[in-house]
Amino acid sequence: MTDQRPIHSAVLVKQVPDTHNITGEVMTKDGTMNRGALPAIFNPEDLNALEMALDIRERTGGTVTVITMGPPKAANILRDCLFRGADRVILLTDRRFAGADTLATSYVLQCAVQKAGPFDLVLCGRQAIDGDTAQVGPQTAEKLGIPQITYAETIIEITSTHVTAERALDSGSEIVRCTMPVLLTVVGSANTPRPASVRRQMERKLAAVPSEYTAIRAQWPEFESDEALDAYLTKRDLKIPVWTAEDIGATEGSIGLAGSPTQVHKVNFVVLESTESKTIAPTAEAIKAMIAELVHEYIVG
Amino acid sequence: MSEKQSIWVFIEHTDGVIADVSLELTGKARELGDQLGFEVVGLLCGHEVDALAQEVIAHGADRVLLADHEELALYRTLPYARVAIEEARKRKPEIFLIGGTPNGRDFAPRVASALRCGLTADCTDLQIGDYYVKKEDKTYKDLLFQIRPAFGGNLIATIVNPHTRPQMATVREGVMRKPAADAARVGVVEKIAPVFDPGDLVLQVLSRQVRKSTIKLKDAPVIVAGGAGIETADEFALLRELANLLGGEVGASRAAVDAGLIDRAHQVGQTGTTVRPRLYIAAGISGAIQHRAGMDQSSKIIAINTDPNAPMFQIAHYRIVGDVGEVLPLIIKTLRERSMDQREAE
Ligand SMILES: Cc1cc2nc3c(=O)[nH]c(=O)nc-3n(C[C@H](O)[C@H](O)[C@H](O)COP(=O)(O)OP(=O)(O)OC[C@H]3O[C@@H](n4cnc5c(N)ncnc54)[C@H](O)[C@@H]3O)c2cc1C
């Protein structure tokens, strides 16, 4: 083997409402969704990005840092990353980040990656299931001034200077070779994310952000004060760092709603206009009659 | 340099063939351009692709910006984005439309980020309208209304970018209708000579494997689509069987694709393909707005669902409350018997 230097990766992840779980219970009478009723989950393809980074670390040595922008409860997915083997996690949270479109989001991620780095690789899922836009990855790459490899499925080779990857496209596949640093967006077919390790879960279960201290102390009364808990976590490297706009040096006008060029002009409720419809019983005769009607109308040949 | 305000369309092509979605968007741009009095411009990057320029004009463009360069022979993010960013900075288009293909979705955000402008993904409609901003007490005239289902139920959002230009949007294949080509249409082909930084060329394509897509969802006269109500591969095979009997294609909801039952190329909806078949059979699909956006213009819709309150029933012409595992075989059997009767009659 040639002398492979360690590769340092940042993985950008998002906590999303579980859109697979939009069932009757979460719909209100007027047909809108009760978001609160939707469970918040780890965006599936971000787990594939994490897995790819962990796999690279196993091949080359190095570190995996996970960054998310979100509300304090997004600490849940960061803990999950620690259980799965990430070295370091960072939560970007600030009221002023709220209302960000993909452009403002990518700016915040750029600032955070630059502060936490340098990195050889930045990885993120192809897209998040609550928007399917696939925009944040490429926008972050542009802001970082680095190239991008979207739809990465396999890392074929990684050297001290270059990465060779296979991209999965609708119309086939492509093998590309690119200098590092580079940003990759990872598709769901790339790998099967490893589960959380029980050992790490035991070791790191207390990992927390300060806003969770009260809840932790309710469960673990042996910590007499927030300070005592803070000191305990800090000593064991279990305090999840929380960075605000100031911490990452983000400009006020470029974040959140103010930094978002897209604005929602209006949201309309869709009224379903009932079409003239026939109810067909699930029986052989009824279906036969329906087919005969469709044949008669030249819908079925 | 043209002084007229303009609407741009990113012209995507492979092996000398322009992607349908680019021509669909050229047609839409023509409509918007006529409404606004703007010039319609196709941005065509490639190598030895001069022959494609006239086709873009035939579908509605007034001008084609043709960037011909060896480094542009195959689509790559950075060289293509370089051309678009430089030209957009110089010429300041008002609107820039991009097809929601893998390459389009790689290209558009890169360009939007560099130009610091807004980008809306997967629009299901584009219109022109005015937008009043209360805080500024100002009305922005003739903005691009970027319309797409909103996350959160039966909601449609209208997105605008009042302050930044161009107003960028991606649209999936099939959403807009491709206009008929008019070979007699006249337009200008303007050649541009791109200049690249070494930094634009750091990515090499070592090999590319094109899998000829055998499915043409958009043109299928009949689509038999399955959703999360289909639980096994065996049940999914029934869809295929029925589609074959009807001379159609198999479609799917995002849930079925995510469950690994079928390839993503079969997904119908806002982030899949938009279809308008003669007959759409929705089997075990609830009818979420993102799915309906891609099929509600079908001539006839048959919905099969165990839940009598499924929204799909509200837009269906034939409502079958029942289990797909029972109903699909019944339909298949009926069609088989019919064709046997026909054969006997001959
Ligand atoms: C940004 C974004 C983009 C999206 N884009 C798309 C898109 O392009 N296309 C798309 O389809 N979705 C899309 N979605 C997802 C969409 O919101 C729905 O989640 C999805 O369409 C649901 O698929 P489904 O109807 O198959 O599953 P479900 O909603 O789970 O419905 C399954 C249905 O099957 C019925 N059923 C269960 N068992 C049976 C049985 N044995 N027999 C008969 N019926 C049965 C159930 O009653 C239910 O109605 C998008 C979502 C987001 C947030």
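List of remarks:
- Taking packing as the residue-averaged number of other Cβ atoms within 10 angstrom, the listed peptides B:215-227, A:205-217 run from highest to lowest as B:215-227, A:205-217.
- Distance in nm between pseudo-label sites at A:A286 and B:D50 (7 Å out along the Cβ direction from Cα): 6.6
- Stokes-Einstein D (µm²/s) once Rh is taken as the Kirkwood radius of the stretch A:79-133 over alpha-carbon pairs, at 4 °C in 1.567 mPa s: 98
- B:V189/B:N244 FRET efficiency (R0 41 Å; Cβ-Cβ; nearest 0.05): 0.35
- For chain A, the share of DSSP beta bridges that are antiparallel, to the nearest 5, is 40%.
- Sequentially through the stretch B:126-141, phi angles give Karplus couplings (6.51, -1.76, 1.60; θ = phi - 60°) of 10, 9, 10, x, 9, 9, 9, 9, 4, 4, 9, 6, 9, 9, 8, 8 Hz, Gly and Pro residues having no value and appearing as x.
- The label point for A:T63 and the one for B:D34, both projected 7 Å from the Cα toward the Cβ, are 6.1 nm apart.
- Multiplying the residue separation of B:D182 and B:R338 by 0.36 nm and removing their Cα-Cα distance gives an extension gain of 51.8 nm.
- Per-residue ³J(HN,Hα) for the stretch A:79-92, Karplus 6.51 cos²θ - 1.76 cosθ + 1.60, θ = phi - 60°, Hz, x for Gly and Pro: 4, 4, 5, 5, 5, 7, x, 5, 7, 8, 10, 9, 9, 9
- Sorted by Cβ neighbour density within 10 Å, fewest at the top, the residues A:W220, B:W8, A:W243: A:W220, A:W243, B:W8
- Backbone N under 19 Å from the A:A40 label point (7 Å along Cα→Cβ), restricted to the stretch A:250-289: A:256-257
- Centre separation in Å (Cα based) which lies between the stretch A:144-177 and the stretch A:238-266: 30
- Rounded FRET efficiency, nearest 0.05, which uses the C-beta distance separating A:R5 from A:K205 and R0 of 45 Å: 0.85
- A:K278, B:K212, A:K14 arranged by Cβ crowding within 10 Å, fewest neighbours leading: B:K212, A:K278, A:K14
- Label-to-label distance, nm, for residues given as B:E326 and A:V271 (7 Å Cα→Cβ offset): 3.6
- Gyration tensor verdict on the protein assembly as shown (Cα atoms; rounded if a/c is under 1.5, prolate if a/b is larger than b/c, oblate otherwise): oblate
- Here chain B is treated as a Stokes sphere of Kirkwood radius computed over C-alpha pairs; at 20 °C and 1.002 mPa s its diffusion coefficient rounds to 98 µm²/s.
- Each peptide in A:71-81, B:288-298, B:131-141, A:289-299 gets a packing score, the mean of other Cβ atoms within 10 Å over its residues, and the list from highest to lowest is B:288-298, A:71-81, A:289-299, B:131-141.
- Whether the stretch B:6-201 is rounded, prolate or oblate, judged on the alpha carbon gyration tensor where a/c under 1.5 counts as rounded: prolate
- Put in line by how crowded their Cβ is, counting other Cβ atoms within 10 Å and starting with the fewest, A:D226, A:D132, B:D341, A:D46 read B:D341, A:D226, A:D132, A:D46.
- Value of relative contact order over the stretch B:222-345, rounded to a whole percent, pairs C-alpha under 8 Å and six or more apart: 23
- Here the stretch A:7-265 is assigned +1 on the Cβ of each Lys and Arg and -1 on the Cβ of each Asp and Glu. Its dipole about the Cα centre then comes out at about 380 debye.
- Surrounding net charge for B:D234, when Lys and Arg each add one and Asp and Glu each subtract one, Cβ distance under 12 Å: -2
- Amide hydrogen proximity for A:A128: with H placed 1.01 Å from N in the peptide plane, the residues at 5 or more positions away or on another chain lying under 5 Å are A:T133, A:A134.
- Amide H partners (placed H, <5 Å) of B:T124, local residues excluded: B:I147, B:R148
- Cross-link reach list, lysines versus B:K92, counting only Cα pairs under 17 Å and skipping chain neighbours closer than eight places: B:K4
- FRET efficiency, A:A98 to A:T159 (Cβ-Cβ, R0 41 Å, nearest 0.05): 0.50
- Taking packing as the residue-averaged number of other Cβ atoms within 10 angstrom, the listed peptides B:326-334, A:154-162, B:178-186, B:79-87 run from highest to lowest as B:79-87, B:326-334, A:154-162, B:178-186.
- Taking amide H as placed 1.01 Å from N in the peptide plane, the amide H of B:V189 sits under 5 Å from that of B:V64, each at least 5 places away or on another chain.
- Farthest positive-ward along the stretch A:7-265 dipole, Cα basis, beta-carbon charges - from A:A98, A:T133, A:I7: A:I7
- In a reduced charge model with +1 at each Lys and Arg Cβ and -1 at each Asp and Glu Cβ, the protein assembly as shown shows a dipole moment near 800 debye about its Cα centre.
- Summing +1 for each Lys or Arg and -1 for each Asp or Glu among the other residues whose beta-carbon sits under 10 angstrom from that of B:G187 gives -1.
Read-outs: derived from the displayed coordinates by stated rules, not from any lab. Nothing here was measured: the structure is a model prediction, and the numbers come from that model. Please note: Cβ atoms are built from the backbone with ideal geometry, for glycine as well, and neighbour counts cover all protein chains shown.
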